[in-house]
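Novice: The following block contains the structure, expressed as structure tokens.
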Amino acid sequence: MPNKPIKKKEKIIFVVNPISGNMDKDTLENQIREYTKQEDFQVHVYNTTGKSDEVAVEELINKLKPDIVVAAGGDGTCNMVGKLLLNTSIKMGILPVGSANGLAMELGIPNQMQEALKTVVHGSTKAIDVIRVNDQHISLHLSDIGVNANVVQRFQKDTVRGFWGYGKHLLSELMAAKPLKFKLLIDGQEILKSAYMVVLANASRYGTGAIINPKGKPDDGVFEIVLVRAYSIRHLLGMIVPLFNKTIHQLDYIDVFSAKSVRIETPKKEIVQVDGEVIGSMNLINASIIENALQVMVP
């Protein structure tokens with residue numbers, strides 16, 4: 001009888017951010033190894049250090065040639081892994097163990113670890129779009145300039161994590177917020193507006209669950225530019241309930257534009273955040289959609 005072909009043993013790299021979220025990462029690594037041992041995968045676990053991680057993970061990918069690379073962390077970890085897998089056939093898995101897991105939430109990835117691991121190895125593959133930001137960055141999820149970016153900067157410097165840590169800084173920022181002047185070129189159409197923030201949305205909600213863009217889908221070939229033009233601090237505070245019940249778009253001081261590209265200018269440099277990470281201060285942002293750029297494992 002002819003020999004049966006030997007099935008190729010799949011390789012998975014798990015990129016674990018040991019300081020993200022509240023889960024003990026030693027426990028997480030044990031769960032990863034126990035689950036994948038049962039599934040007979042070749043597994044390599046890389047723990048991020050905060051120093052040259054992108055280079056180190058890229059070298060690992062080139063050396064091991066994995067079938068799947070898993071981001072075990074929050075949206076920032078997903079962004080780093082996604083950038084390395086852009087326009088390749090390597091699939092990205094997600095274990096949502098970060099302080100903010102907006103992309104995982106958007107894609108319906110379970111919070112329960114065994115179910116999330118099951119999704120990594122037995123899920124379906126979904127092609128999602130990515131927003132290119134100023135050539136150097138990508139956004140898988142949500143980026144913005146204005147109030148929320150300032151909150152993210154405050155939050156990153158604080159030792160208090162989670163929803164309450166974010167909420168504390170959000171309230172402080174809202175009380176001090178002033179509208180900014182924006183010049184936007186949306187698919188060639190010029191728009192001049194004053195707004196408290198402008199969001200580049202490849203998805204619908206932030207990791208807190210706040211829904212800024214109810215029509216957002218990460219696989220529809222466009223992204224949304226959301227302008228928050230609240231007339232006063234009272235209006236900004238009045239957004240809180242609509243942000244969580246999908247009615248934000250009904251407010252008359254919220255403008256939403258679907259587009260494939262946008263150019264954003266401000267009179268002076270402002271803080272910009274991409275997928276929960278501050279990328280610096282700038283007064284010019286060029287963003288465009290890259291369709292079907294990333295293969296992600298989903299339930």
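The values are calculated or read from the model by the stated rules, or taken from the named source; none is laboratory data. What you see is a predicted model, and the numbers here were worked out from it, not measured in a lab. Cβ coordinates were reconstructed from backbone atoms using ideal geometry, including for glycine residues, and neighbour counts include every protein chain displayed.
Novice: Give the range 212-230 a look and list any residue that's surrounded by fewer than 19 Cβ atoms within 10 Å (Cβ to Cβ) and either more than 21 Å from R132 (Cβ to Cβ) or touching a helix residue (DSSP H, G or I) at 6+ places or on another chain (Cβ under 8 Å) (or both), or say none.
Specialist: If the condition is that a residue be surrounded by fewer than 19 Cβ atoms within 10 Å (Cβ to Cβ) and either more than 21 Å from R132 (Cβ to Cβ) or touching a helix residue (DSSP H, G or I) at 6+ places or on another chain (Cβ under 8 Å) (or both), then P214, K215, R229 are the ones that fit.
Novice: Only one of (1) part of a loop (DSSP other than H, G, I, E, B); (2) among the small types (G, A, S); (3) at pLDDT below 90 fails for G165. Which number is that?
Specialist: Result: G165 passes all but (1).
Novice: Among the residues of the range 185-206, is any in a loop (DSSP other than H, G, I, E, B), more than 17 Å from the chain's Cα centre (by Cα) and either modelled with pLDDT under 90 or among the aliphatic types (A, V, I, L, M) (or both)?
Specialist: The answer is yes, given that some residue of the range 185-206 is in a loop (DSSP other than H, G, I, E, B), more than 17 Å from the chain's Cα centre (by Cα) and either modelled with pLDDT under 90 or among the aliphatic types (A, V, I, L, M) (or both).
Novice: Out of (1) at pLDDT 85 or above; (2) not in a loop (DSSP other than H, G, I, E, B), what's the single condition that is false for G216?
Specialist: So G216 meets the others, but not (2).
Novice: Quick one: is V55 surrounded by 18 or more Cβ atoms within 10 Å (Cβ to Cβ) and either outside any loop (DSSP other than H, G, I, E, B) or not acidic (D, E) (or both)?
Specialist: For V55, the condition - surrounded by 18 or more Cβ atoms within 10 Å (Cβ to Cβ) and either outside any loop (DSSP other than H, G, I, E, B) or not acidic (D, E) (or both) - is not met.
Novice: For A71, indicate whether it is assigned to a strand (DSSP E or B) and in contact (Cβ under 8 Å) with a residue 40 or more places away in the chain.
Specialist: Answer is yes for this residue.
Novice: Residues of the range 90-105 being at pLDDT 95 or above and surrounded by fewer than 24 Cβ atoms within 10 Å (Cβ to Cβ), which ones?
Specialist: If the condition is that a residue be at pLDDT 95 or above and surrounded by fewer than 24 Cβ atoms within 10 Å (Cβ to Cβ), then I90, K91 are the ones that fit.
Novice: Please pick out the residue among R263, R229 that is closer than 22 Å to A203 by Cβ and modelled with pLDDT of 95 or more.
Specialist: None of the other options fit; the residue is R263.
Novice: Between a first residue in the range 115-140 that is within 30 Å of E10 (Cα to Cα) and modelled with pLDDT of 95 or more and a second residue that is among the acidic types (D, E) and part of a strand (DSSP E or B), which pairs have beta carbons less than 7 Å apart while being 6 or more apart in sequence or on different chains?
Specialist: That search, which allows pairs on different chains as well, returns D129/E291.
Novice: Out of everything in the range 275-299 that is within 28 Å of E115 (Cα to Cα) and modelled with pLDDT under 95, what residue ends up being surrounded by the most Cβ atoms within 10 Å (Cβ to Cβ)?
Specialist: Checked the range 275-299; the qualifying residue surrounded by the most Cβ atoms within 10 Å (Cβ to Cβ) is D275.
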